[in-house]
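Heads up: the structure comes next, in structure tokens.
The values are calculated or read from the model by the stated rules, or taken from the named source; none is laboratory data. What you see is a predicted model; the values in this text were computed from it and never measured. In this analysis, Cβ positions are derived from the backbone assuming ideal geometry, glycine residues included, and neighbour counts consider all displayed protein chains. In case anyone asks, the SASA skips ligands and DNA or RNA and just uses the protein heavy atoms, side chains included. Shrake-Rupley method; radii C 1.70, N 1.55, O 1.52, S 1.80 Å.
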Amino acid sequence: MITLKKNFFSALILLFLTIIICFFSAFEFLRMHENKKIYPSKGLSTQTKLSTYFKDLQNTPGDTDVYIFQGQKKGGNLLILGGTHPNEPASFITAVLLVENILVSQGKVVIIPRANSSGFTHSDSQEGNPQGFSLETTDGKRWFRYGSRLTNPIHQWPDPALYINPAGQRLSGTESRNLNRCYPGRIKGRLTEKIAYGIMELIKKEEIHLALDLHEAAPEYPVINAIVFHENSAELAALALMELQIEGFEFRLESSPPNLRGLSHREWGDYAKVRAILLETANASQGRFKGKPSASLIVNGKDKNYVKAAKLGRLFVPFDEKGIPLKLRVARHLAAINALVSGLKELAPSIVVELEKMPPPSLVKKEGIGCYLRAQK
């Protein structure tokens, strides 16, 4: 009898502990679905949603914020996409810095910081990645999500065994949740295809002239520290490269392969007829050679395994004990955007975009990101 009572009370204690663990796990799970606030500069003209351009996204996990900065003078229209892959933080953080700092005196700048908002709500399975990372600012720490390359499977499931994307490319089934394989999108498609379609509609309705998709890749990936350009942007990419080299930023030019379909730099140019460019920078937290995943690796970019891999000639970028920190990766994106906007002014004076108050890449590289993030309200 005494043994039965002990077992009963032990079971009650275990049940109680299980309920507590489930409660806190559920709380943490729900927190992953909360977007951290972005604090736009006074230059913001309009804040809207992607569903404004494609209503089927309304009240879905695929809807996302769109920030529009309209200059007083007419000029060109620029789209900047961050967060296509939420495990590429320099992409998202660069977009946030722009939203929180820029003024536009001529033309129009449209920024989508979380292009695949669903991807920010989960982490890649079996990777052990942190849920987020923090950056020091003058107002204390600000916390940002570190998400997944793919749309959350609770928002789009199941994956097909073989995925034939809207452009006709045959791919692995999981790529149906990769936004940068789903262009030009489908009206009646899966969620990720609808996001792609919404972005295409935005490009059309906002009469975009130049569209930039910001990315990161593992240091062992061949297309890295690169300007990937549609053939309609070859001259613009070449002009930007020269300016970047003068400023001390090494980039490679990579032409968009015509037979690789569904990517932004291909379908934006083919279907929307805009100048289309994708920017890549090196992120060790994505790579297969990395050691223990951590928030520090995301921000500081230091990893002993990558130092060894560089010495063995296994990487496509230099990598030493200093690593490749987030501030350098963001600075590279900012420098490339500046160079492309400058090149557009030279090539097409009728569609000039003039940006002011943009964080200087050299200072971001030296001083860090935090001093250019706005105070939390």
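Short-range pairs are left out: with C-alpha atoms under 8 Å and at least six residues apart, the relative contact order of region 32-372 is 19 percent.
Taking the Cα centre of region 208-350 as reference, the dipole from Cβ charges on Lys and Arg (+1) and Asp and Glu (-1) amounts to some 700 debye. For region 172-287, the carbon plus sulfur part of the accessible surface works out to 53%, probe radius 1.4 Å. When all alpha carbon pairs of region 103-228 are counted in 10 Å bins from zero, the resulting P(r) reads 11, 32, 37, 17, 3 %.
Hey, for a label at Glu136 modelled as a point 7 Å past Cα toward Cβ, could you say which residues of region 274-307 have their backbone N under 18 Å away? Under 18 Å, as judged by backbone N against the label point of Glu136, lie 295-302 of region 274-307. May I ask you to list the residues of region 325-354 whose amide nitrogen lies under 15 Å from a point 7 Å from Cα along the Cα→beta-carbon direction of Gln72? Residues 354 qualify, since their backbone N sits under 15 Å from the label point. Between Leu162 and Ala238, the contour length at 0.36 nm per residue exceeds the alpha carbon distance by 23.7 nm. Under a 5 Å amide H cut-off, with hydrogens placed 1.01 Å from N, Ser45 pairs with Ile68, Phe69, Gln70 among residues at least 5 apart or on other chains. Per residue, the Cα convex hull of the chain amounts to 172 Å³. The fraction of Cα-Cα pairs per 10 angstrom bin, counted from 0 for region 291-377, comes to 15, 33, 29, 18, 6, 0 percent, rounded to whole percents. Within region 217-305, DSSP assigns beta bridges of which about 45% are antiparallel (rounded to the nearest 5).
Surface exposure of the chain, expressed per residue as accessible area with a 1.4 Å probe, stands at 46 Å². Name the residues of region 295-310 whose amide N is less than 15 Å from a point 7 angstrom out from the Cα of Arg288 along the C-beta direction? Residues passing the 15 Å test: 306, 309. Only protein heavy atoms count here; under a 1.4 Å probe, Arg177 has an accessible surface of about 20 Å². Dipole of region 32-372 computed with +1 at Lys/Arg Cβ and -1 at Asp/Glu Cβ about the Cα centre; of Ala90, Leu312, Gln156, farthest Cα towards the positive end is Gln156. Model label points for Lys55 and Lys366, set 7 angstrom from Cα along the Cα-to-Cβ axis, are 5.3 nm apart. Ordered from largest to smallest accessible area (heavy atoms of protein chains, 1.4 Å probe), the residues Met242, Met200 come out as Met242, Met200.
The distance between label points at Arg314 and Ala375 comes to 4.8 nm (points 7 Å beyond Cα on the Cα→Cβ vector).
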